[in-house]
Amino acid sequence: MYNPEARLIHAIDAKRERRVELSPLMESAYERAQAEVLTSPEYVIQEKDFIQKYGTARVQSDIALADRLERKFNSERSVTEANSKKIADTFEAIMLMQSELGEWLGSNASTLRSARYDDFVNKVDMVVEWNMPGQDSEVLALAVDVTFGTSGIDKKITAIRNEIERGKLGSIDYYRNQDSTDLAPRLNVARTVVGIGQPVVEELAGLWMANNNKALGIHPVQRAIVDQIGFQLFRMQQYAVHLGKFETAQVYKQAYAAIQRVQVEKQGIPPRGLIDDPVRLEIFNQTREQFPTRH
């Protein structure tokens, strides 16, 4: 029997289940992330540093575009989406700090948050560079996701698949290495998605706010991140080979070789309770679906 009141109550309950709330801890951690990391030139690439390379007019134009896109993005977000973004930003800040302090992405890695232009235009949240003695450095672009839903991860991985199918990978217009000796765009950059669920970010935030770098340095989330990246790079490289996009496949092969070395470093860290993390599972599931192996 049709019961409009019951259906309305069910819809409200379902919406509440999907709503992302911010605890006082996460609010405090986000404020710290904004103050100490996400606006700091130490961790974030700044467009203004490229004026000598690109010229004042282009840099100002790119900053203005990023401003417009950010305003549009903020105006269209729901409360849940805004809170999810705060959680993702906090996770990014912890990753940026622990990539240096705890070597989360390997002993030869340097990690920076992308310039706002690359964030909004090129869909790159973070940039990782591995420097190997006697070899050219390897750069990987990361998109970070900590949402409960599946649509965000689906769209991000679909965008990467479309790039591979076109044989034209992503770019980073505002790229610099850790010591700012290299200011140049990076073309044909391999991309992956990394993410973890809100409860894990809450746990990380608690350790971070307590300045417990020892616990963060051995936290299994770093193993989860590295395994996510490795699985995606392998599948994406195989998919590019299947399509005959051999130059694209080579880019992913080189990035995969870099992350394999990190996986060896992290193999002694057990994944513990992160195996069933919903965001981790969604990244693996979407990668399997969108980059199937063929024999």
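Against the test of being in contact (Cβ under 8 Å) with a residue 40 or more places away in the chain, under 17 Å from residue 43 (Cβ atoms) and either touching a Phe, Trp or Tyr at 6+ places or on another chain (Cβ under 6 Å) or surrounded by 14 or more Cβ atoms within 10 Å (Cβ to Cβ) (or both), the options 142, 101 yield a single qualifying residue, 142.
Taking the range 203-295 as the region of interest, the helices (runs of 4 or more DSSP H) fully inside it that hold 2 or more residues being of a type in the set (D, E, K, R) and out of contact with any Lys or Arg (no Cβ under 9 Å at 6 or more places or on another chain) are 246-266, 278-290. Just give me the residues in the range 164-208 being over 25 Å from residue 224 (Cα atoms), among the acidic types (Asp, Glu) and either touching a Cys at 6+ places or on another chain (Cβ under 6 Å) or in contact (Cβ under 8 Å) with a residue 12 or more places away in the chain (or both), in sequence order. Scanning the range 164-208 gives 165, 173. Taken over the range 65-96, the criterion of being exposed (fewer than 14 other Cβ atoms within 10 Å of the Cβ) and among the acidic types (Asp, Glu) is satisfied by 67, 70, 76. With respect to the conditions (1) over 16 Å from residue 115 (Cα atoms); (2) of a type in the set (A, V, I, L, M, F, W, C); (3) modelled with pLDDT of 95 or more, residue 9 lacks only one, and its number is (3).
For the residues 125, 118, the requirement of being under 13 Å from the mean Cα position of the chain (by Cα) and touching a residue at least 60 places away in the same chain (Cβ under 8 Å) singles out 118. Sub-7 Å Cβ pairs linking a first residue in the range 24-51 that is free of Cβ contacts under 8 Å to residues at least 40 places away in the same chain to a second residue that is surrounded by 14 or more Cβ atoms within 10 Å (Cβ to Cβ) and assigned to a helix (DSSP H, G or I), at least 6 apart or interchain, are 48/59; 51/59, ordered by first then second residue. Condition first: without any contact (Cβ under 8 Å) to a residue 12 or more places away in the chain, of a type outside the set (Phe, Trp, Tyr) and farther than 21 Å from residue 155 by Cβ. Can you find one or more residues in the range 216-234 that meet it? Within the range 216-234 (the criterion being without any contact (Cβ under 8 Å) to a residue 12 or more places away in the chain, of a type outside the set (Phe, Trp, Tyr) and farther than 21 Å from residue 155 by Cβ), the answer is no, since none of the residues qualifies.
The values are calculated or read from the model by the stated rules, or taken from the named source; none is laboratory data. Quantities reported herein were computed from a predicted structural model and do not represent experimental measurements. A quick note on method: Cβ atoms are made from the backbone with ideal geometry, for glycine too, and the neighbour counts reach across all protein chains shown.
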